[in-house]
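Accompanying notes for the structure given below.
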Amino acid sequence: MISTAHPDLDAYLDGAMTDAERHAIEAHLASCDACAAELALAERISEEMPALRGQCPDDVFDAAVARIARLERDRAPIRASRLRWAAVAAAVAVIGVAGLQLLQGLSSDRYSPEEVAEARQQIELAFGLVGKATGEASTYIRFEVFPDQLTEPRDRRVDIE
Amino acid sequence: MPLPPSALAAHRHRIYGYALRLLRDQQEAADVTQDVLIRLWRHGDGIAPERRAAWVMRVTRNASLDALRARQSRTRYIVSHDDIDQSILSNGHSPVAATESADFRALLDRAIDDLEEPYRSIVVLREIEELPYQDIADVMDLPLNTVKVYLHRGRRRLREALTACLSAEELQP
């Protein structure tokens, strides 16, 4: 019958002992059949453990990859819409900055009053178009990019978060 | 940025193996595995590679416990919150019998399943999945020294269980 495990057996197996402690244990094991048998059992258990590692079936992993691919496809239209919105916003910003710089330039003395008036008219027309584009972008964002978040949630499977 | 599927493959076996140890049901383990892989796909890029194994096992443990609670809800088995880990993870198997199988590996496999939590999880995470002690402490949400004490107890209980069903000749070194 095997006795209660020696309290240092696991530490001995893990190599977590000083040389002196290890020698003392080995001297004990040489004269104690019960502890020697238990150590042999512990070593045999340790050798067999890696073989007990679980093996995920291929169909389980393939199903997860397929679900991920579907999630990727669902995300793609939203990413494309957001890129278009970002491009619109960037274009509006560039036009706005350019228009302001033009107005500042028109305050100089290089141009006649008629030239300045015509240029201002053109710039105001451009700003009007920018404002219209901004409004359309806002509408686009509201009804195309984030329709679900701003109105009713889309009926889809809720993924675990 | 989501992880590519190739990076998920490295964790598939440990996720499935640990879920199966906790759930003892292949279909539920498969469901948990898929859910954990998707979470890893979503969030794995923000986790340092050397920390991903511990993160994955922690998520697997939590998802498996959720699945066990859901199973119990379906069977109308009510447990107190304090006892839930122990009661839902306790083994319903009969004691390992020496006459069932002479195969040591099969006996060891069964003895692991017979261990109570948290000893079973800690033995699996250390001896099979070979996680560092600190990673196991993170997965189990236990202090490091507690993990070492529990591992010692789990190993001892395994030896006692196997000693009970192996012959004296088989136990000789």
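The values are calculated or read from the model by the stated rules, or taken from the named source; none is laboratory data. Computed from a prediction, not measured in an experiment: that's the story for all the values here. Heads up, the Cβs are rebuilt from the backbone with ideal geometry, glycines too, and the neighbour counts pull from every protein chain shown.
Considering each of B:ALA168, B:ALA161 in turn, give the residue that is modelled with pLDDT under 90 and within 14 Å of chain A (Cβ to nearest Cβ).
Answer to the check: B:ALA168.
Please go through the range A:4-45 and give me each residue that is of a type in the set (Gly, Ala, Ser) and at the interface with another protein chain (Cβ under 7 Å from one of its Cβ atoms), ordered by number.
Across the range A:4-45, the qualifying residues are A:ALA5, A:ALA36, A:ALA37, A:ALA40, A:ALA42.
Within the range B:120-156, how many residues turn out to be away from every other protein chain (no Cβ under 14 Å) and small (Gly, Ala, Ser)?
1
List every residue pair whose Cβ atoms lie under 9 Å apart, where the two residues are 6 or more positions apart in sequence or sit on different chains, the first residue falls within the range A:49-66 and is facing chain B (nearest Cβ under 7 Å), and the second residue, located anywhere, is modelled with pLDDT under 90 and part of a helix (DSSP H, G or I).
Between residues of the range A:49-66 that are facing chain B (nearest Cβ under 7 Å) and residues that are modelled with pLDDT under 90 and part of a helix (DSSP H, G or I), the close pairs are A:PHE61/B:PRO5; A:ALA64/B:PRO5; A:VAL65/B:PRO5.
Do we have any residue at all in the range B:43-53 that's surrounded by 17 or more Cβ atoms within 10 Å (Cβ to Cβ) and closer than 22 Å to A:ARG70 by Cβ?
Yes, the conditions are met somewhere in the range B:43-53.
Could you say which residue among B:ARG74, B:ARG24, B:ARG52 is within 24 Å of B:ARG120 (Cα to Cα) and over 14 Å from the mean Cα position of the chain (by Cα)?
None of the other options fit; the residue is B:ARG52.
Does B:THR99 fit the bill of being modelled with pLDDT of 90 or more and either farther than 22 Å from A:ALA63 by Cα or within 14 Å of chain A (Cβ to nearest Cβ) (or both)?
In short, no.
Restricting to the range B:6-41, and then to whatever is facing chain A (nearest Cβ under 9 Å) and surrounded by fewer than 16 Cβ atoms within 10 Å (Cβ to Cβ), can you tell me which residue is nearest to B:GLU130 (Cα to Cα)?
Among them, the one singled out is B:ALA9.
Would you point out the residue of the range B:55-67, among those that are touching a residue at least 40 places away in the same chain (Cβ under 8 Å) and crowded, with 20+ Cβ neighbours inside 10 Å, that is farthest from B:ILE128 (Cα to Cα)?
B:ALA67
Can you name the residue in the range A:38-63 that is surrounded by fewer than 19 Cβ atoms within 10 Å (Cβ to Cβ) and of a type in the set (A, V, I, L, M, F, W, C) and, of all such residues, is farthest from B:PRO5 (Cα to Cα)?
A:ALA40
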